[in-house]
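Worksheet for the structure shown next.
The values are calculated or read from the model by the stated rules, or taken from the named source; none is laboratory data. All values derive from a computational prediction rather than experimental measurement. Cβ sites come from the backbone with ideal geometry, for glycine too, and all protein chains shown count toward neighbours.
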2 protein chains.
Amino acid sequence: MSSLPYSSSPTKGIGSTIKSSLIEPDGGSLVDLVVPENKRASKISEAELMPKVKLTKIDLEWVHVISEGWARPLKEFMREDEYLLSLHFNCLRMKDGSLVNMSLPIVLAIDDETKEKIEGLSDVALLGPNEALVGILRSIEIYKHHKEERIARTWGTTAPGLPYVEEVITSAGNWLIGGDLEVLQPVKYNDGLDRYRLSPQQLRKEFDHRQADAVSAFQLWNPVHNGHALLMNDTRRRLLEMGYKNPILLLHPLRGFTKADDVPLDVRMEQHSKVLEDGVLDPETTIVAIFPSPMHYAGPTDVQWHAKARINAGANFYIVGRDPADHGKKVLSMAPGLEKLNILPFRVAAYDTVERRMAFFDPSRAKDFSSSLEPRCRLTLEMARILPMVSCVLEDGKSWSSTIRFCKLRRLMKSRQCCLLR
Amino acid sequence: MSSLPYSSSPTKGIGSTIKSSLIEPDGGSLVDLVVPENKRASKISEAELMPKVKLTKIDLEWVHVISEGWARPLKEFMREDEYLLSLHFNCLRMKDGSLVNMSLPIVLAIDDETKEKIEGLSDVALLGPNEALVGILRSIEIYKHHKEERIARTWGTTAPGLPYVEEVITSAGNWLIGGDLEVLQPVKYNDGLDRYRLSPQQLRKEFDHRQADAVSAFQLWNPVHNGHALLMNDTRRRLLEMGYKNPILLLHPLRGFTKADDVPLDVRMEQHSKVLEDGVLDPETTIVAIFPSPMHYAGPTDVQWHAKARINAGANFYIVGRDPADHGKKVLSMAPGLEKLNILPFRVAAYDTVERRMAFFDPSRAKDFSSSLEPRCRLTLEMARILPMVSCVLEDGKSWSSTIRFCKLRRLMKSRQCCLLR
């Protein structure tokens, strides 16, 4: 039988799976579940007469995700069949029998009272956390929310301390409601970052506009540091070597529910922009956008979702960074439904003390590399919170900007305490 | 996208998936991992020189299962890749990219001390619980036994009280060892029931010998009662109606680890034989054999394994009884890698108070059926323990035999207290 190791070659199934055109979305097409403007008034009138289901802030993020096609083939909150397929097999099955990846249940919970109110009905209206009408759920199906099973099969543990569980699931209702989604108007956050929230359709359009023949997506959590920059520039080099003429990089931080101690997104987005401005990454071949999904922090199960959603956004290469969790890379390389995506593994970058720059680790002269410096590449929470803007400090002296000034100010530069000094 | 409801039609994908010949084993071929007799002596000499890994009674049951090909395409205790595929996707992937079902990790745990002893070696010998040489594991791989994750993803819960967890996993070592299996001689139990332990190869041979053109497997837990008999005879009728000329029934109780309060197998096997003797089931078209797997009691995850193993044994129809767990039937009908198996759902049988016999429930005259009698069809533990032989009491008066005599003796017949009286 097949052994499926995490390949040491840079791409999975090169030759057989690399597409010369952009990758097909799961289910064959995207969706835009926002009702056309000329029908909005009548849909709103219709929704106003329906019984209402109240959404939390995070439910609304999922409405956003589904409505733009990130979760294709889904165009619904999962009914029980999809829920069970996702939970047991991390997959959905298409009509032709083929499997697409779907590692997380994308579900809407309701409480007993709401269930009683809507039971037996076909359609319900969705209300946002601010009581505004958000959308309609059609042909609903209500089924039991087996929370413990959902948690155990999604996270592989039921231990306390899982951020999504504590924030979302513990307090959620005992029932799940599936149904086809219609959204009354595009979901906006008015936080100054909506311009970064490009839908899969918009991203694909932009890739076409730039005449991309390969798109590599990279989801990162922190301000770009030198290891990232090296990685991303090296990815470009590798894609060019493979014969692609115009590879585009999608720099794609997740925004949606994250635990409180992640670096604030506005700080990160400003830093990403600065990295482009300073030419550390080429603005001609790099797109910075926001992935609107909530974060499950569910290790290998989450990683699959992150990769799958980028297929729908048009990326045919997915850059996997530091192993995001036990077995994350390995599971990703094996996952049913992700065969068409080329996984580009992170190559370990470390500080080369001889060349005095960040470089990919060379095991033949291991002693020249200082991996102990690596943790310092992470922006500390305190710094991220108080910095008006951070930037990336590179070995070639570019991009000193405010971070260094900040570091100097704080006297953090001594003994390499500044996280961005590499 | 596809909705995949649990079909109300008797077969899944009839026409497209029903095979006129017996079903192909997963991986395309069976295996017999017992070394040929002419090589036994040299293999034993070789094994005697290897470091030893001690097996528990249940490990030995898995050796039995793997060695006969029930778990094909496995011919090994899982290495980490197979383990992760099984745990996350309930599947294994073949070299051609196709998926076969494998819902349970089939793994061998070792403790820290054993790991230290064998680390870096290629091959180890396996010792049975009685210290006898059992086999060899080749090209071993040792990896971490993440018990909590294994439990959470297999059972969908980590709550105490899971029989397999408490018996097998809790006390198991912190490492798993994968490797290709060679068995020095066939696993035997010498409990008087070995003659019922037909391997997949033996079963297939028997089906060929009887010129079966369809084989339906039924795993049952209890002595055959009238509901079962009705079901199985009705299955035959349906298969004949579908055009099969010679459908064979494989009556296939599981034997391997079971929790203490299940009805003892020797009692059940005797009852099954009696049912054939009495002609309740036709001995010409029925084979009674034992499935040697341990039982996980893991609901829908276990059910997939039970179905998958019967594919390897040559069954192309699988009869699913009373929903063995929440969603068991539904998950089974959706499971990747089980598409080629035709699932025959249990039709609810109840006592028809008008016709005065067991019959399939007819919702149009629901009031005529007494489902409250159903629980009495289960042999109580106490009875099973003390009965020298039990039999099935049918509405036509056949098979009175010792059960009834026992019931009379115990004055259990009054007010229908005897479980087998329907």
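Scanning the stretch B:128-149 for residues that are more than 7 Å from every other protein chain (Cβ to nearest Cβ), surrounded by fewer than 21 Cβ atoms within 10 Å (Cβ to Cβ) and not polar (S, T, N, Q) yields B:Gly128, B:Pro129, B:Glu131, B:Ala132, B:Leu133, B:Arg138, B:Glu141, B:Ile142, B:Tyr143, B:Lys144, B:His146, B:Lys147. Show me the strands (runs of 3 or more DSSP E) entirely contained within the stretch A:94-152 in which 1 or more residues are without any contact (Cβ under 8 Å) to a residue 40 or more places away in the chain. The strands (runs of 3 or more DSSP E) meeting that bar are A:133-144. Being within 27 Å of B:Leu55 (Cα to Cα), of a type outside the set (Phe, Trp, Tyr) and over 23 Å from the mean Cα position of the chain (by Cα) is a condition met by at least one residue of the stretch B:183-197. Within the stretch B:145-204, the set of residues being in contact with a helix residue (DSSP H, G or I) (Cβ under 6 Å, 6 or more places away or on another chain) and small (Gly, Ala, Ser) comprises B:Ala152, B:Gly156, B:Ser199. Across the stretch B:86-96, the qualifying residues are those that are closer than 16 Å to A:Arg93 by Cβ and out of contact with any His (no Cβ under 8 Å at 6 or more places or on another chain), and the one among them that is surrounded by the most Cβ atoms within 10 Å (Cβ to Cβ) is B:Phe89.
If you scan the stretch A:153-177, which residues turn out to be within 11 Å of chain B (Cβ to nearest Cβ) and touching a residue at least 40 places away in the same chain (Cβ under 8 Å)? Residues satisfying the conditions are A:Arg153, A:Thr154, A:Trp155, A:Gly156. For the stretch B:224-239, the criterion of being in a loop (DSSP other than H, G, I, E, B) and more than 21 Å from B:Ile23 (Cβ to Cβ) is met by at least one residue. Condition (residue is more than 14 Å from chain B (Cβ to nearest Cβ) and touching a Phe, Trp or Tyr at 6+ places or on another chain (Cβ under 9 Å)) applied to the stretch A:181-192: is it met by at least one residue? Checked against the condition, which is being more than 14 Å from chain B (Cβ to nearest Cβ) and touching a Phe, Trp or Tyr at 6+ places or on another chain (Cβ under 9 Å), the stretch A:181-192 yields no hits at all.
Listed here are the residues, each with its yes/no results for (1) modelled with pLDDT under 95; (2) over 30 Å from B:Pro300 (Cβ atoms); (3) within 10 Å of another protein chain (Cβ to nearest Cβ); (4) surrounded by 18 or more Cβ atoms within 10 Å (Cβ to Cβ).
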position: B:Leu60; (1), (2), (3), (4): no, no, no, yes
position: B:Ile66; (1), (2), (3), (4): no, no, no, yes
position: B:Trp70; (1), (2), (3), (4): no, no, no, yes
position: B:Glu76; (1), (2), (3), (4): no, no, yes, yes
position: B:Asp81; (1), (2), (3), (4): no, no, yes, yes
position: B:Leu84; (1), (2), (3), (4): no, no, yes, yes
position: B:Ser98; (1), (2), (3), (4): yes, no, yes, no
position: B:Leu104; (1), (2), (3), (4): no, no, no, yes
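Would you say B:Lys117 is surrounded by fewer than 23 Cβ atoms within 10 Å (Cβ to Cβ) and within 14 Å of chain A (Cβ to nearest Cβ)? No, not satisfied.
For the stretch A:1-40, the set of residues classified as at pLDDT 95 or above and exposed (fewer than 11 other Cβ atoms within 10 Å of the Cβ) consists of A:Pro36, A:Glu37, A:Asn38, listed by residue number.
Across the stretch B:288-310, a minimum of one residue is classified as within 14 Å of chain A (Cβ to nearest Cβ), surrounded by fewer than 21 Cβ atoms within 10 Å (Cβ to Cβ) and not polar (S, T, N, Q).
To keep it simple, each residue is scored yes or no on (1) within 23 Å of the chain's Cα centre (by Cα); (2) among the polar types (S, T, N, Q).
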residue: A:Leu85; (1), (2): yes, no
residue: A:Arg93; (1), (2): yes, no
residue: A:Val107; (1), (2): yes, no
residue: A:Asp111; (1), (2): no, no
residue: A:Ser122; (1), (2): no, yes
